[in-house]
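Down below is the structure, laid out as C-alpha cells.
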Amino acid sequence: MPPPHPFLECSPLASVFYRKRDIYSLAWGHSDLSHFIVAAASNGGYVALTRDPRRLIALGRGAAVKPKVMVYTAAGQLVESIPWDPSNRIAGIGFSSNDELAIVLDEGILRLYTLQAPCPATTSTTASSSSTPESLPTPVTATCFYTQHSLGQDATETGVVEARIWQHGVVALTGGGRFVDFRFPSVNHDEGLLWDEYSRPPQPQLLPHFAPTANTQLGPQIPTAWSFVPPTSSASGVLEILLSPPPLPDPRGQSNGTTPPPPAYEAGTLLTLDSISACTDARLSRGPFSSISPSPNGKLLALVLQRDKKLWVVSADFQRSLSEFDLTECEGYQEAVQNGEEAAQAGSIAGVAGLRQAEWCGNNTVALAFTNASVVLVGPFGDSIVYNYSETSGVHLVAESDGVRVLSADRHELIQKVHEATAMVFRPGSSDPAALLLDASEQLSAPLSGGRHGDKSGDKSSTTRADEALRAISSSLPQAVDTCITAASHEWEPAWQRRLLRAAALGKSFLDAGVGYDSTRFVETSRRLRVLNAVRAYEIGVPASWEEFAGEEGEVDGMEALVRRLTARNHHLLALRIAEHLRLRPDAILKHWARAKIARSTAAASATAAGTGASRTARGAHGDDAALCSLIVRNFTSRTHSSVSYSSIASWAYTAGRVRLATRLLDHEPRAVDQVPLLLKMSQDRRALEKSVESGDTDLVWHVLLKLKAQLGRGEFFRVVQRPWQEDDDGDDPGKKAATAASRRAYASLAVSLLEVYARDFDPDLLRDLYFTDDRRLDSAILDLEFSTTSSDLPARQSHLSSASKLLSEDKAHSTDSKLVDEASRLLAFQAQLEKEDGGTGRTPWAGLSLHATLRHLFVRQWPKKAEKLRSDFKVSERAYQAARIDAAVSRRDWDGLWALLPANGARPSAAAGGYEAFVIKLVQAGQTGQAMRYVERASPLPGSGGAGGQAEKGDKTRLRALLGRLPPNVGGQMLARLDGRGGP
C-alpha cells in the first residue's frame with residue numbers, strides 16, 4: 001500500500017501549515033488518561049503514569065489494585081512497574097536528561113529512579129565517604145533502584161505544594177511560599193565510578209521570597225500560577241521563576257488596628273524571581289493568571305487570564321503583545337460550562353472551566369487541551385485549528401522544541417509545523433524547482449517499474465517530460481537539490497524519504513562539474529535518516545525528530561545523545577551499529593554493556609546459589625568469571641576504534657562482589673596507573689606491588705609501598721615486599737614457573753631497594769626491621785654504626801655500637817671489624833665517664849671524640865693519670881701518645897712544658913716517639929717558627945762534640961732536612977742553614 005501524500009494530513013494556520021502525524025498505536029490498556037497523572041520525557045522519551053488520587057474512580061474498576069507508577073516507552077511498551085505507597089503524596093513527577101524518573105514527595109524528598117538497571121552494590125567505605133545515607137541506592141525491583149535527596153530544610157518543614165521537573169533539576173514550591181532550585185547529581189556513569197566515590201551531593205538553593213514585606217499574620221503567600229525558564233533559555237543565564245502572585249489582602253479585614261505594611265507588588269502583575277536580581281515586577285495589571293507557559297526558546301510567554309478567560313501571547317520582556325485568543329469560544333470550555341464543571345476541577349487549570357493544559361507547539365503556536373478531549377492549536381495571530389479525540393480517552397500534551405506530542409488512550413501523535421522545504425515540494429500546485437525535480441524523478445522511475453499502465457509508448461513520453469522539467473530548472477538545480485534533501489530530513493515515512501533523496505541524487509547527477517556542488521550534506525542526511533528510522537521502530541520506541549537529534553550539518557551532539565539514550569535502555573547492539581555507522585566512539589556503549597552483563601550474571605548466580613551447595617556454586621562462579629572475562633575482552637578488542645579502560649569495568653565488577661572477575665579484567669588493563677589503585681582497593685596487595693614494579697614507575701611503586709605499610713602489620717608487609725607473588729599464580733606448569741622465577745626475583749629486588757631508599761631517609765626503624773627479617777647482619781651492623789654517629793644520646797650510641805659489634809662478631813669474615821667496633825664502644829664508655837666526672841660543665845664535649853683527640857683534651861685539662869689509663873687500656877703507641885702531648889702543649893702555648901717533653905741532659909728524643917720532627921711539625925703548623933728553631937738548633941751537632949751520637953743524630957738530621965725542605969723558603973731556608981751550621985748563633 002503506497003504511503004499517503006504528506007499534505008493530506010496538513011491543516012492551514014494563517015500562512016503556514018501544521019501536520020498531525022500518527023506515531024504509534026498504543027496498546028497499554030488504559031482507556032482514559034484523565035484518571036492518571038501523566039509525565040513524559042522530552043525528545044521522545046519515556047512516559048510515566050500513576051493514578052491521580054484526586055480523581056474518583058468507580059468501585060470495582062481498579063479500586064483494589066495497588067498503586068503503581070508505570071513507565072512506558074513512547075510506543076506504549078511497559079518498561080517498569082514501580083510499587084507505590086499511597087501514603088506518599090506525589091507533588092511532582094518527570095524525567096531527567098538521563099531518562100531517570102524523578103518523583104518529588106510532599107514531605108520535601110526527591111527520589112531519582114534509575115530504570116532497566118539492577119541496584120549497584122556499595123563498598124564498605126560508604127560510611128566514611130562524602131555520600132549521605134539518603135543518596136545511596138535502594139532497590140525497588142530487580143531492574144530498578146532509586147536514590148533519595150532532600151530539598152532542604154524549608155521544604156522538609158513546610159512541605160512541597162507543587163514541583164516541576166526539567167532535564168537538569170527540580171523547581172519546588174514549598175508550603176511557606178518559597179521556591180527551591182535543586183539540580184540533579186552529575187554522575188558520570190560512563191566511567192563506571194563506584195557509588196561511594198561520587199562527588200558531594202548537590203545542595204538545594206532556596207530562592208528569595210517574592211513578597212518579603214508581606215504580613216506574616218496572613219499565612220504563607222502561594223502564587224495562583226507559576227512556571228520557570230531554564231538557564232539555557234533565560235536572558236539572564238540563570239533559572240528564572242515566573243509567578244502570578246496571590247491577590248492582595250484587604251487592609252480593612254484586619255481587626256488588630258495595626259497599619260498593614262505596604263504591598264510588595266501591584267495587583268494583577270507578574271513577578272520574575274531569580275538568584276541574581278531577586279524579585280522583579282513586570283508592572284502588569286491583567287492578572288491574576290491561571291497558567292504561565294514560556295516558549296521553548298524563552299522568548300515568548302503564553303498567559304491564561306483568569307478574569308478575562310483569554311489566552312494572551314506576549315514577548316518575554318512584555319514589550320510586544322502578539323495575540324489574544326478568547327477561550328470562551330472554544331467548544332471544550334462551553335461544554336464544561338454546560339456540564340457544570342468547576343473551574344478548579346482536579347487536573348484542570350484554575351479559573352478556566354474545561355481547560356486542562358496549555359503547552360507550546362514549537363516556538364510559534366500554543367496548544368490547548370480541554371477535558372472534552374479536544375486540542376486547539378492557536379497561531380501567532382489568533383487563528384486556530386481544532387483536533388477532536390474520543391471524549392472518554394482524555395489527552396495529554398507533551399511540549400517539544402519543534403512541536404507537541406499528543407497522548408491519548410490509543411494513539412501517540414505529533415503535531416508539527418510543516419517545514420518550508422516540505423511545503424515547497426508537496427504543496428498542491430507548487431511550481432517550485434524542488435517540486436519539478438521530484439516530479440522529474442518520479443517520471444524517470446516510472447519506466448523502471450514497468451510503466452504506469454504497462455505500455456512502452458508511455459515510457460518515452462515520461463522520459464521526455466522529465467528531461468523538459470530538468471532543463472526548465474537547470475539554473476535553480478542546486479537550490480532544488482538542497483530543498484529535496486531538507487524535505488527528506490523532515491519526512492517520517494521512509495518511502496517518501498527515498499523518493500526525495502532519489503530526486504536529489506538525480507539533480508546532483510545533472511549538475512555541471514564547474515558548479516562545485518558539495519555532496520557531504522546529501523551523504524550525512526542519508527546516514528542520519530537511517531538512524532532515525534531505526535530508532536523510530538515500534539520495538540525501540542524513540543520517536544526522534546530531525547530537529548531534536550539530527551541537528552544541523554556537522555553537528556553530532558544530538559546523535560551522541562540519542563546513542564546514550566539507546567545505551568541506557570540496554571539497546572546495546574543497535575547503539576553500537578549506529579556508532580559505527582556515524583563513526584562515533586563506542587567506548588561508553590561497551591562499558592554500559594559490560595556492566596549490564598556483569599549485573600545480570602551476578603543476579604543469575606545469586607538465584608542459582610539459593611538451590612545449590614556453596615562449594616558447587618563457587619566452582620561455577622569461577623568458571624563463569626573466566627567465560628565472562630573472555631567475552632568482555634573479545635568484544636572490546638574487536639572494536640578497532642575502542643580504547644575502553646578495563647579498570648572501570650573491573651571497578652564495577654568489584655562493587656558487584658565479583659573479585660575474581662575484577663582481577664581477571666585488570667590483567668588486561670595496559671595502564672598500571674589505572675590498574676594498581678583498584679588492586680589495592682580490592683586488597684590484592686601482592687598483585688598490586690607486582691604490577692607496579694612491572695610498570696617501571698618508581699612513584700607508583702612507592703605509592704603501593706606506603707599504602708601497604710599503612711594497612712598491614714610489619715611482618716605481613718615485609719612478606720609481601722620480599723615475595724610479591726603467590727605460589728599458585730603460575731599453576732602447575734614447571735616450565736612457566738622457571739621462566740618467571742628470574743624476573744620475579746628482579747621485581748622483588750627492585751621493590752626492596754626502593755623501600756630501603758625511603759626507609760633510610762624517613763623511617764630508619766622500618767629499615768632496621770627489614771634487615772632483621774631478611775637476616776642481613778652486615779647491613780644491620782652498618783645501620784647501627786650510622787645511628788651511633790647521628791644519635792645525641794650516649795646510652796643509645798653505646799647500645800648501637802654494642803649491637804653492631806655483636807652482629808659483626810657472628811660473621812668470621814668481619815671479626816676484625818667487630819673488634820674495632822668494640823674498641824669504639826669502650827672508648828665511648830670511657831668518654832661517658834669523663835663527661836660524668838666533668839660535671840656537665842660543657843667545657844669539653846668528650847663524646848664522639850677520636851682516641852687522639854681524647855688524649856689531647858686530657859692533657860689540655862691536665863689529667864695525666866687518666867691519659868695514662870687511656871693509653872694503657874687502648875695500647876696507644878708511643879708516637880701517638882707523644883703527638884697528643886705535643887699537640888696539647890702547643891694548643892696551651894706552654895712552651896716550657898713542651899721543652900720539658902724532651903729527654904733530660906740534652907739527649908735526643910727516641911725515633912719511636914717521633915724525634916725532633918714531631919715537635920717541629922706541630923710548631924710550624926701553629927706558626928711558631930721561632931720556637932721550632934730551638935728544636936732545630938738542638939738537633940744540630942754541637943761544636944767540639946766530635947760527632948757524638950753517630951748514626952742516630954745523622955738520622956734525625958736527615959729527617960729534619962727532608963721536613964724543612966718541604967716548607968716555604970722563607971721559613972725552611974733559615975732552619976736548614978741553622979741545621980747545617982751555616983747560620984749565626
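Overall, region 775-849 carries a charge dipole of about 100 debye about its Cα centre when +1 sits on the Cβ of Lys and Arg and -1 on the Cβ of Asp and Glu, all other atoms neutral. A Förster distance of 60 Å, applied to the separation of the beta-carbon atoms of S401 and T790, puts the FRET efficiency at 0.20.
Take the Cα of N533, step 7 Å toward its Cβ, do the same at E107, and the gap between the two points is 5.2 nm. What does a probe at D699 reach in region 634-678, counting residues whose amide N is under 20 Å from the point 7 Å along Cα→Cβ? Zone members listed by number: 670-678. Mind giving me the FRET efficiency for K812 and D674? R0 is 41 Å, r the Cβ-Cβ distance, nearest 0.05 is fine. The value I calculate is 0.20. Computed from backbone phi, the HN-Hα couplings of region 17-27 come to 10, 10, 10, 10, 9, 7, 8, 9, 8, 8, 10 Hz, rounded to whole numbers (Karplus: 6.51 cos²θ - 1.76 cosθ + 1.60, θ = phi - 60°; Gly and Pro given as x).
Here region 271-291 is scanned for amide nitrogen atoms under 17 Å from the site 7 Å beyond the Cα of R307 along Cα-to-Cβ, giving 271, 282-291. Spin-label pair N364-L248: with each label point 7 Å from Cα along the Cα-Cβ axis, the two points sit 4.1 nm from one another. Between R183 and E823, residue separation times 0.36 nm minus the direct Cα-Cα distance comes to 222.7 nm.
Rg of the Cα atoms in region 362-506, relative to 2.2 N^0.38 Å, amounts to 1.37.
For region 775-849, the average shadow cast by the Cα convex hull is 4.7 nm², which is a quarter of the hull's surface. One decimal place: the segment V523-I276 gains 84.3 nm when fully extended, by the rule 0.36 nm per residue minus the C-alpha distance. Ligands, DNA and RNA left out, the 1.4 Å accessible surface of region 775-849 is 51% carbon and sulfur atoms.
Here the dipole of region 659-704 is about 260 debye; that uses its Cα centre as origin and unit charges on the Cβ of Lys and Arg (positive) and Asp and Glu (negative). Applying the Karplus relation 6.51 cos²θ - 1.76 cosθ + 1.60 with θ = phi - 60° to region 917-924 yields 3J(HN,Hα) values of 4, 5, 5, 4, 4, 5, 5, 5 Hz, where x marks Gly and Pro.
Applying 1/(1 + (r/R0)^6) with R0 = 45 Å to the Cβ-Cβ distance of S285 and E9 gives a FRET efficiency near 0.60. Amide H contacts under 5 Å for A225: S244, restricted to partners 5 or more places along the chain or on a different chain, H placed in the peptide plane at 1.01 Å from N.
Taking label points 7 Å from Cα along the Cα-to-Cβ direction, E341 and L778 give a separation of 10.0 nm. Over region 140-180, consider all pairs of different Cα atoms and compute the Kirkwood hydrodynamic radius from their mean reciprocal separation; express it in Å, one decimal. Across region 140-180, the inverse of the average 1/r is 11.5 Å. Between S384 and S753, residue separation times 0.36 nm minus the direct Cα-Cα distance comes to 124.4 nm. Dipole of region 775-849 computed with +1 at Lys/Arg Cβ and -1 at Asp/Glu Cβ about the Cα centre; of A781, V821, L834, farthest Cα towards the positive end is L834.
The values are calculated or read from the model by the stated rules, or taken from the named source; none is laboratory data. Values in this document were obtained by computation on a predicted structure and should not be read as measured data. Virtual Cβ from ideal backbone geometry, glycine too; neighbours counted across all protein chains shown. Heads up: the accessible areas ignore ligands, DNA and RNA and are worked out on the full protein's heavy atoms, side chains in. Shrake-Rupley method; radii C 1.70, N 1.55, O 1.52, S 1.80 Å.
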